[in-house]
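The values are calculated or read from the model by the stated rules, or taken from the named source; none is laboratory data. Note that the structure is a prediction, hence the values are computed from the model and not measured. FYI the Cβ positions are ideal-geometry reconstructions off the backbone, even for glycines, and counts take in every protein chain you see.
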Amino acid sequence: MPQATLSISSKNYSSWSLRGWLLCKMAGIDFEEQPVALDDSNARRELLLLSPSVLVPRLTDRDVAVWGALAIAEYLNEIHPEAGLLPKDRAVRAHCRAVSGEMHSSFYNLRSALPMNLKSRHTNFKVFSGARPDIERIKEIWTECLDKYGGPYLFGTTPTLADAMYAPVCTRFRTYNVALPTNLQSYCETIFAWPFLQEWTHDAAVEADEIDELEVEF
């Protein structure tokens, strides 16, 4: 029986749950998913971007409890450094932490205007003007990393914390048909082909629960 549990909410809607889950998969720990009921008021507020939640993602590993994607990543990197969640080189590791931290603390307009919804596709979605600077900044980050480290992932040939942090952005760009240059679209395709993301996406597709507030006509 797994000694660790990871609290998550909707696989279709919760980008933070996805990030925490990817990190646990990347670290190779044996864990059990602990879904948080979607009718929980705190979970709903988190999914509707009304407030952060300490419920998801939340990793409990024996006598340790840690929540938030970045904190989970740091904990997992401490106990499983061989997993490569963070690059070995100090300067590259600092860069990875910086762009991951930027994803964690920024881009509110993007998250608000383009909420994660893996089941939906919008071909003629008009992006709110306030979200466009966020999109351009993300393009800059991806371009710099891919040019500097050679791809196909942001920091080279294997996925790191940064890819777990930006994977939900790739899905948002696909959901809302955000145009990307060829190299950045190729990066997204690499993320879509990532077996861990494919597993999560499959589970999201068969998820029965819906949140009406997020099922709106754009």
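Filtered by the rule that a residue be of a type in the set (Gly, Ala, Ser), touching a residue at least 24 places away in the same chain (Cβ under 8 Å) and surrounded by fewer than 17 Cβ atoms within 10 Å (Cβ to Cβ), segment 60-107 gives 101, 106. Scanning segment 32-81 for residues that are at pLDDT 85 or above and of a type in the set (D, E, K, R) yields 32, 33, 58, 61, 62, 63, 74, 78. Pairs are defined by a Cβ separation below 6 Å, a sequence spacing of at least 6 or placement on different chains, a first member in segment 173-197 that is in contact (Cβ under 8 Å) with a residue 12 or more places away in the chain, and a second member that is crowded, with 19+ Cβ neighbours inside 10 Å and charged (D, E, K, R); the pairs so defined are 196/25.
Of the residues making up segment 108-125, those that are surrounded by 20 or more Cβ atoms within 10 Å (Cβ to Cβ) and in contact (Cβ under 8 Å) with a residue 40 or more places away in the chain are 110, 114, 115, 116, 117, 118.
Residue 152 - would you say it is under 13 Å from residue 107 (Cα atoms) and either of a type outside the set (Gly, Ala, Ser) or at pLDDT below 95 (or both)? So that I can check it myself, show each step before the final result.
Details: under 13 Å from residue 107 (Cα atoms): no; either of a type outside the set (Gly, Ala, Ser) or at pLDDT below 95 (or both): yes.
No.
Do we have residue 131 as of a type in the set (A, V, I, L, M), loosely packed, with under 13 Cβ neighbours inside 10 Å and not assigned by TED's automatic domain parsing to the domain that holds residue 23 here? Please lay out each step first, then the result.
Working: of a type in the set (A, V, I, L, M): yes; loosely packed, with under 13 Cβ neighbours inside 10 Å: no; not assigned by TED's automatic domain parsing to the domain that holds residue 23: yes.
For residue 131, the condition - of a type in the set (A, V, I, L, M), loosely packed, with under 13 Cβ neighbours inside 10 Å and not assigned by TED's automatic domain parsing to the domain that holds residue 23 - is not met.
Note on segment 91-195: enclosed helices (runs of 4 or more DSSP H) holding 2 or more residues that are charged (D, E, K, R) are 132-149, 161-175. Does residue 213 satisfy the condition of being acidic (Asp, Glu), assigned to a helix (DSSP H, G or I), over 17 Å from the mean Cα position of the chain (by Cα) and modelled with pLDDT under 95? So residue 213 passes the test.
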